[in-house]
Amino acid sequence: MIAEVIINSTAKKLNKTFDYHIPKELEDYIVIGSKVLVPFANFKAPEEAYVVRIKEKSDFKVKDIIKIEDNLTDKQIELAEWMAKKYFCNVSDCIKLMLAPGTKNKKRENRISYKKINAIYPKKGIEEIEIDIETGNIKTDKQKKVLRFVINNPGCMVSEIEMFTDCTRGVVNTLIKKGYLEIIEKKIERNPLIGKNIEKSKKLKLTDEQQIAYNKIEKAIDTYKQFLLFGVTGSGKTEIYLQLIEKVLKNKKSAIMLVPEISLTPQIINRFIARFGKEEIAVLHSKLSIGERYDEWNRIKEGKAKIVIGARSAIFAPVQNLGIIIIDEEHDSSYKSEMLPKYQAKEIAKKIAQNENCPLVLGSATPEITTYYKSEIGEIERLELTKRANKSELPKVEIIDLKQELANGNHSMLSRELYNSIEENIKKKEQTILFLNRRGFSTFIMCRECGYTVKCKNCNISLTYHKYENKLKCHYCGYEESIAKTCPECGSNKIRYFGTGTQKLEQEIQKQFKGIKTIRMDIDTVSKKNSHEKILETFKEENIDILIGTQMVVKGHHFPNVTLVGAIAADSSLNIDDYRANERTFQTLTQVAGRAGRGEKAGKVIIQTYNPDNFSIQCSQKQDYNEFYKTEKALREQLKYPPFCDIIVMNFNGTSQDKITKLANRVYKYLNERKELEEFKILRPMPSPIDKIQNKYRWRIIIKGNINEEANETLNICLKKIYKMNQKDIRVSIDINPNNMI
């Protein structure tokens, strides 16, 4: 028997199959999806490979497979091959997403595969030990104390014995030598939910709208169908998810629930634990240690965990007997990967749901334009929730024109209306959230004498000032440098800080409102494990006056005492070079407004902007998605943007701008000659808006048109031709409908 294998390599020239003979002793064990070791080329060490097909014979002289390592399923291999073609990458890149965390690297795998401790157990029988204590064979009180502790706590560690008996390790060693105790290596599971003790909750009575939505989806269980659960903020989408998953579990099936932000997972997880208990739930996201993710992955694979909650990559979890996939906040950009493979989790979920014959539920108060359009043309069934579940009113939203504030002499970061509202909230002991989608202290530093701007030495981008570390940092490559007191260009000391970040906002708030308690939530404050959860818990439990944060604070959080939300600079997402600028502005402002007034108290939202007449800001004030959708849809149809076509971006990165320019122009000419792309609009090669990152020049070709199999095949062939040209110092990648047009 012959196995066709894909070598585990990122090299484009190895993105093809190689034939290997299956030894007799491995024939019963090697299947499609097996991870194997094979001799490859002239390498001394064997290479990892994945079996993608099995056949009777080969046309080549072949070597033997050395060893079998692990097994994927044939469905996973099929999915990986489909992804590789769709997202223009290697099959092995896609397979890696489906492997247990930490096992992609052989050296690391041995370190994370399990955690062990040296546990202490009684070696003799308990009765025999008790007799020896009574007859005086055990002479010292310390030895007696240790023995009694171990009898009552078999499997304890030496450190626990020392802590609870005040006896030294020497006493334990003496008892081991005498044959009373023994050390046994014990494997322990690393469970991220181990410390969570949450009171059990019962399912809530659904409102009429919720019940209609639940009934429609419940009828589709055991069949493939897509639903858009379109509900205003606070309309009770999560309760519908919980009851659908309860139904799936009763049918002896499993569920995957995707959430966009790690900051959202604690609140969702707590609700799920309260309803289903810890044993049923596995959590997968990047803030867990590799060991924790490895153990959670295996709990899922072994069928011990029936509910998977996680970020984007959790869609690849090895779930047994899948019954439903739910994607919460489906509009969120984090569901699209920025790294190879550049996949869209919603597309992967759709493919898996089709394969598993189960429903896919997309939930949002502000659906992606493309998703809503699909619901309009009948590709997805739309279910609407127009009222908040607890009957509370949507918050009152005010727009403040910052141009008018400046004209009235107010140069503060806070408009007078927002200042007065915060002051009133503090007096009433109610909480406030302030949203600013820029971290750091100042967004750029400039010399007022000559106009010099401090930029990253690796990237063509301004450095951001972080006051607490007193450093200038690049948010693209991580480069940092100390503050310059004089301009390196003209020698002037007129170096000034411009723009505002969350650090500066926090300092201003503390200066203007003496004695209040604030807490900040951005990338700089959530870098440590569980830090996002601690910040949210502290804000809620200690009744912190003001939470200041970036987009992490806008989605999904439920704080009943938050009655005021302020959007400090609503224009920040409007001024980016991206066709989705209006959509993202509307989504962000509507979501942030949804954090106010979720309890019994009325909510108020203040949006500060220099563009008060912009339709996305006007619609977010009314929280009117339909009006926004109609306007944005008309614009996109006229300009030929998604959902009316696909945007395909071919990126060229390299150290030589001259070589990139030549290659990009050759590719442009090749694409224009292809008949399969006649209906596509291919724009001339141009430098990217940020044309240098990490010392690599960046160019791109933008292609507009509806991607189909022929076009996909042409672009894949084009990539293969590029790599055959042996352009080793130029990296070329293709991204369909990228999140970031910069």
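Over the alpha-carbon set of segment 2-99, divide Rg by the Kirkwood Rh and report the Rg/Rh ratio to two decimals. My calculation of the ratio gives 0.94.
Placing a label point 7 Å from the Cα of residue 121 along the Cα-to-Cβ direction, the residues of segment 131-169 whose backbone N falls under 19 Å from that point are 147-161.
Each of 177, 96 was scored by other Cβ atoms within 10 Å of its Cβ. Listed from fewest to most, they are 177, 96.
Could you pull out every one of the aspartates and glutamates with an alpha carbon less than 12 Å from that of residue 61, ignoring same-chain neighbours closer than 8 positions? Straight-line reach from residue 61, under 12 Å: 19. Can you give the net charge of the other residues whose Cβ lies under 14 Å from the Cβ of residue 704, counting K and R as +1 and D and E as -1? For residues surrounding residue 704, the net value is 0. Considering only beta bridges that DSSP places wholly inside segment 208-385, some 5 percent are antiparallel. What is the chain's relative contact order, in percent, from Cα pairs under 8 angstrom and six or more apart in sequence? Across the chain, relative contact order equals 10 percent. Straight-line cross-link partners of residue 145 among the aspartates and glutamates, defined as a Cα under 17 Å from its Cα and at least 8 positions apart when in the same chain: 127, 128, 130, 132, 134, 160, 162, 166, 182. By the beta carbon rule, with partners counted only under 4.7 Å, the chain holds these lone Cys residues: 89, 94, 156, 167, 358, 477, 619, 645, 718. The stretch between residue 58 and residue 338, if pulled fully straight at 0.36 nm per residue, gains 96.9 nm over its current Cα-Cα span.
Here the simple spin-label model places points 7 Å from the Cα toward Cβ, and for residue 174 and residue 681 these points are separated by 8.7 nm.
Determine the relative contact order of segment 461-566: mean sequence separation of Cα pairs under 8 Å and six or more apart, normalised by residue count, in whole percent. Please list the in-between numbers first.
Details: 92 pairs, mean separation 18.2, N = 106.
Averaging sequence separation for qualifying contacts and normalising by length gives 17 percent for segment 461-566.
Using 0.36 nm per residue, how much length does the chain from residue 27 to residue 531 gain when fully extended, once their Cα-Cα distance is taken away?
176.5 nm
Distance between the modelled labels on residue 706 and residue 160, one decimal in nanometres: 6.4 nm (7 Å Cα→Cβ projection).
Counting other Cβ atoms within 10 Å as a rough exposure proxy, the listed residues 43, 227 run 43, 227 from fewest neighbours to most.
Were the residues from residue 16 through residue 489 laid out at 0.36 nm apart, the gain over their Cα-Cα distance would be 165.0 nm. Here segment 153-216 yields Rg over Rh of 1.44, to two decimals, using C-alpha coordinates and the Kirkwood radius. Computed over every Cα-Cα pair of segment 341-422 and binned at 10 Å starting from 0, the pair-distance distribution P(r) comes out as 12, 26, 19, 20, 17, 5, 0 percent. Put a dot 7 Å past the Cα of residue 412, heading toward its Cβ, do the same for residue 140, and the two dots end up 6.9 nm apart. With 24 Å as the limit, write out which pairs from 124/186; 203/528; 247/304; 216/346 have Cα-Cα distances beyond it, or answer none. From the list (124/186; 203/528; 247/304; 216/346), the Cα-Cα distance tops 24 Å for 203/528.
Normalised by the number of residues in segment 223-319, the average gap of Cα pairs under 8 Å and 6 or more apart makes the relative contact order 31 percent.
The charge dipole of segment 2-99, taken about its Cα centre with unit charges on the Cβ of Lys, Arg, Asp and Glu (plus for the first two, minus for the last two), comes to roughly 440 debye.
Using the Cα centre as the reference, give the magnitude of the dipole from point charges on the C-beta atoms of the chain (Lys, Arg: +1; Asp, Glu: -1; all else neutral), rounded to the nearest 20 debye.
1420 debye
Only aspartates and glutamates eight or more places from residue 250 in sequence, or on another chain, were considered; those with a Cα closer than 19 Å are 218, 222, 239, 279, 280, 302, 356. Rounded to the nearest 0.05, the FRET efficiency derived from the C-beta distance between residue 386 and residue 731 at R0 = 45 Å is 0.40. The ranking of 658, 522, 691 from fewest to most other beta carbons within 10 Å of each one's beta carbon is 658, 691, 522. Summing charges over all other residues whose Cβ lies under 14 Å from the Cβ of residue 717, with Lys and Arg as +1 and Asp and Glu as -1, gives +3.
If both residues of a DSSP beta bridge must be in the chain, then about 55% of such bridges are antiparallel. Other residues lying with their Cβ under 13 Å from the Cβ of residue 397 contribute a combined charge of 0, Lys and Arg counting +1, Asp and Glu -1. Pairs exceeding 28 Å between alpha-carbon atoms, taken from 85/630; 351/669; 342/662; 351/720: 85/630; 351/669.
Readers should treat all values here as calculations from the given coordinates under stated rules, not as data from a laboratory. It should be emphasised that the depicted structure is a prediction, and the values quoted were computed from it without experimental measurement. Glycine also receives a Cβ, built like all others from the backbone with ideal geometry; neighbour counts cover every protein chain displayed.
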